[in-house]
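What follows is a single structure, written as structure tokens, with notes after it.
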Amino acid sequence: MVNGTVFTAHLLLVCSAPDFMAAPLRGEIGIGVPALLLQAVLLVWTAVRYDRSADESRTPVHPTAHAHGHGEY
């Protein structure tokens with residue numbers, strides 16, 4: 001949800017205000033470049049934060065009868 005909202009805002013800015021996004025910050029680098037880099041950082045940060053497989057590795061796994069298929073250990 002967060003990444004989609006930020007991406008939508010970025011896309012709307014690029015489409016509706018290209019002069020603003022191209023305004024130079026430092027030399028030839030416009031505002032759009034750091035905005036895109038911040039969006040990439042947000043994407044990676046949220047992917048790491050909400051990674052479900054990382055949560056599974058933190059919880060102990062106890063074998064169950066269903067996991068083995070026959071109920072025998």
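Overall, the anisotropy analysis places segment 5-47 in the oblate class: the square-rooted eigenvalues a ≥ b ≥ c of its C-alpha gyration tensor yield a/c not less than 1.5, with a/b not exceeding b/c. Amide H to amide H, with H built 1.01 Å from N, Gly30 comes under 5 Å of Leu25, counting only residues 5 or more places away or on other chains.
Since every read-out is calculated from the coordinates, none of them should be taken as a lab result. All of these numbers come straight from a predicted model, not from anything done at the bench.
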